[in-house]
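Here is the structure we will look at.
The values are calculated or read from the model by the stated rules, or taken from the named source; none is laboratory data. A quick note: this is a predicted structure, and the numbers were derived from the prediction, not measured. In this analysis, Cβ positions are derived from the backbone assuming ideal geometry, glycine residues included, and neighbour counts consider all displayed protein chains. What goes into the accessible areas is simple: the full protein's heavy atoms, side chains included, and nothing from ligands, DNA or RNA. Shrake-Rupley method; radii C 1.70, N 1.55, O 1.52, S 1.80 Å.
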Amino acid sequence: MADVTHEIWKKLFCGDLAVCPKKSGADRVLEVGTGTGIWAIEYAEKHEGAQVIGVDMSAVQPQWVPPNCSFEVDDAEEEWAWKSKFDFIFARSMIRSKHDWECLQDDLFPVCSDDGTVDGSNLLKWATYIIEATKKMGQSVTVAPQFKQMMEDAGFKGVVEVQHKWPTNHWPRDERYKEVGRWSCVVASEGLEGLSLALFKVLGWTVPETLTFLPEVGKDLRNVRIHGYWRVYTVYGQKPA
Ligand SMILES: C[S@@+](CC[C@H](N)C(=O)[O-])C[C@H]1O[C@@H](n2cnc3c(N)ncnc32)[C@H](O)[C@@H]1O
């Protein structure tokens with residue numbers, strides 16, 4: 001599913017791998033929390049002159065990669081051992097990973113709608129429970145709107161925030177957003193049970209209680225009369241030399 005999510009991001013970015021000026025033309029690139037490495041591999045394939053390193057705590061990346069791409073297993077929150085500087089550092093979908101945030105891109109819960117069709121839905125209730133549960137666990141899934149300020153406070157210059165709407169299914173008329181919605185519905189439906197079982201127990205829900213509620217959420221997720229979307233944030237900036 002991570003690779004489907006990668007395609008959704010590219011669709012939102014009109015085929016590009018990022019929205020910042022370094023989406024092409026960087027020499028030394030680091031992807032923090034690279035996961036399957038799909039972003040790093042694709043950046044390396046598209047930019048043969050760039051050296052791309054992907055770092056992750058889990059060694060889940062493939063062994064066969066372009067010659068200008070490599071992976072390292074490390075905790076990016078520990079002191080960095082790299083001797084040379086990077087001119088492009090990218091991180092994506094790290095929102096539930098840790099408590100400290102830098103240049104990140106991620107979703108904001110809860111789900112919203114511009115015409116009120118999400119109001120009172122089980123989908124909105126579900127998203128609200130997710131926020132409650134993650135708060136109880138000391139995580140925050142609603143931190144994305146603060147990323148710009150955080151980067152500015154950390155000294156980054158020229159910080160830019162780009163927002164996109166990530167539809168809950170194929171309800172939009174616009175073809176690009178229709179396709180994003182189609183895929184996002186697949187990703188959300190696939191992840192619904194695992195995520196909810198893991199988080200709702202924090203709220204004291206039993207497994208049968210959670211499993212009884214989820215089909216109703218699934219119905220709302222697929223309902224094209226509910227014009228829901230997740231607002232997703234991409235933030236970039238320059239670290240002063
Ligand atoms: C949701 S996945 C996203 C993967 C990838 N960025 C993508 O968009 O497909 C988050 C990844 O971040 C990694 N991660 C979380 N905290 C990390 C840390 N402190 N250092 C390195 N990797 C980390 C996890 O192991 C996981 O592979």
TODO: Using a 1.4 Å probe and counting only protein heavy atoms, arrange 112, 14 so the residue with the most accessible area comes first.
DONE: 14, 112
Task: Folded to 0 to 90 degrees: helix 175-200 orientation relative to the chain principal axis, Cα - done: 80
Open item on the list: Distance cut-off 26 Å, Cα to Cα: go down the list 125/201; 125/165; 23/125; 22/85; 10/201 and report the pairs above it.
Closed with: 23/125; 10/201
- [ ] Could you state how much accessible area residue 212 has, in square angstrom rounded to the nearest 10, with a 1.4 Å probe and all protein chains kept in place?
- [x] 100
Open item on the list: 5 Å is the cut-off here: which amide hydrogens, built 1.01 Å from N in the peptide plane, fall below it relative to residue 47, excluding neighbours closer than 5 in sequence?
Closed with: none
Task: Net +/- balance of residues flanking residue 38 in space, Cβ distance below 13 Å, scoring K and R +1, D and E -1 - done: -3
Task: Student exercise, the chain dipole from Lys, Arg, Asp, Glu Cβ charges, in Debye to nearest 20 - done: 540
Task: Accessible-area ranking of 157, 10, largest first, probe 1.4 Å - done: 157, 10
TODO: Taking H placed 1.01 Å from N in the peptide plane, check which residues at least 5 places from residue 166 or on another chain put their amide H under 5 Å from its amide H.
DONE: 230, 231, 232
Task: Which of 232, 73 is most accessible, then next, and so on - probe 1.4 Å - done: 73, 232
TODO: Mind listing the long-range amide H neighbours of residue 89? Cut-off is under 5 Å, sequence gap 5 or more, other chains count too, H placed in the peptide plane at 1.01 Å from N.
DONE: 30
TODO: Express in whole angstrom the spacing between the alpha-carbon centres of region 36-83 and region 163-241.
DONE: 28
Open item on the list: How large is the Rg to Rh ratio of the chain when both quantities use alpha carbon positions and Rh follows Kirkwood?
Closed with: 0.98
Open item on the list: Just to confirm the number: angle between the C-alpha axis of helix 207-222 and the first principal axis of the chain, 0 to 90 degrees, nearest 10?
Closed with: 80
Open item on the list: Could you report the accessible area of residue 114 in Å², rounded to 10, computed with a 1.4 Å probe on the protein chains as they sit in the structure?
Closed with: 110
Task: Principal-axis tilt of helix 2-12 within the chain, Cα atoms, nearest 10 degrees - done: 90
TODO: Please turn the phi angles of region 48-54 into ³J(HN,Hα) values with the Karplus equation 6.51 cos²θ - 1.76 cosθ + 1.60 (θ = phi - 60°), one per residue in order, whole Hz, x for glycine and proline.
DONE: 5, x, 8, 9, 10, 10, x
Open item on the list: Please compute the modelled spin-label separation between residue 241 and residue 16, points set 7 Å along Cα→Cβ, answer in nm with one decimal.
Closed with: 2.4
Task: Leading residue at positive end of dipole, region 150-224 (Cβ point charges), from 181, 196, 166 - done: 181
Task: Portion, in percent, of the accessible area of region 46-99 that falls on carbon or sulfur, probe 1.4 Å - done: 51
